[in-house]
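Undergrad: Questions regarding the structure given below will be posed in turn.
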């Protein structure tokens, strides 16, 4: 069940390249993100995301596929969500 709006969904070229290499559909990351799947987040970061949904602040997720970490970030104003690699931040 979707917990918050995503806005425009985008991905960096680097993230798309690594997702393709790992044979992962980007929609899998988006689905996990929008349902607050904890992925690589610890309990404190998970709680921060729950509060972010309630208060309308930035939602951040991290997932590991094929040895590569991907970040998914939804802006506080819910205008956009981006899939990117940590080094692209």
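The values are calculated or read from the model by the stated rules, or taken from the named source; none is laboratory data. Small disclaimer: the values here were computed from a predicted structure and weren't measured. Ideal geometry is used to build each Cβ from the backbone, glycine not excepted, and the neighbour counts take in all protein chains shown.
Undergrad: Residue 57 is checked against (1) touching a strand residue (DSSP E or B) at 6+ places or on another chain (Cβ under 8 Å); (2) part of a loop (DSSP other than H, G, I, E, B); (3) surrounded by 15 or more Cβ atoms within 10 Å (Cβ to Cβ) and fails just one. What number does that condition carry?
TA: The failed condition is (1).
Undergrad: Any chance the stretch 2-23 includes a residue that's surrounded by 13 or more Cβ atoms within 10 Å (Cβ to Cβ) and on the phi > 0 side of the Ramachandran plot?
TA: Yes, the stretch 2-23 contains a residue that is surrounded by 13 or more Cβ atoms within 10 Å (Cβ to Cβ) and on the phi > 0 side of the Ramachandran plot.
Undergrad: How many of the residues in the stretch 66-89 are surrounded by fewer than 16 Cβ atoms within 10 Å (Cβ to Cβ), closer than 23 Å to residue 43 by Cβ and at pLDDT 95 or above?
TA: Total meeting the criteria: 3.
Undergrad: Looking only at the stretch 24-38, decide whether some residue is over 13 Å from the mean Cα position of the chain (by Cα) and surrounded by 13 or more Cβ atoms within 10 Å (Cβ to Cβ).
TA: Yes, some residue in the stretch 24-38 is over 13 Å from the mean Cα position of the chain (by Cα) and surrounded by 13 or more Cβ atoms within 10 Å (Cβ to Cβ).
Undergrad: Just need a number here: residues in the stretch 50-70 that are touching a helix residue (DSSP H, G or I) at 6+ places or on another chain (Cβ under 9 Å) and either within 14 Å of residue 6 (Cα to Cα) or touching a residue at least 40 places away in the same chain (Cβ under 8 Å) (or both).
TA: Within the stretch 50-70, residues that are touching a helix residue (DSSP H, G or I) at 6+ places or on another chain (Cβ under 9 Å) and either within 14 Å of residue 6 (Cα to Cα) or touching a residue at least 40 places away in the same chain (Cβ under 8 Å) (or both) number 9.
Undergrad: Still on this structure, I have one more. Pairs only if they're at least six apart or on different chains, beta carbon under 8 angstrom, first in the stretch 30-47 and closer than 22 Å to residue 10 by Cα, second at pLDDT below 95; list them, first residue then second.
TA: Going by the 8 Å Cβ cut-off, the qualifying pairs are 35/1.
Undergrad: Being part of a helix (DSSP H, G or I) and touching a residue at least 24 places away in the same chain (Cβ under 8 Å) is the filter here; which residues of the stretch 17-29 pass it?
TA: 18, 19, 21, 26, 29
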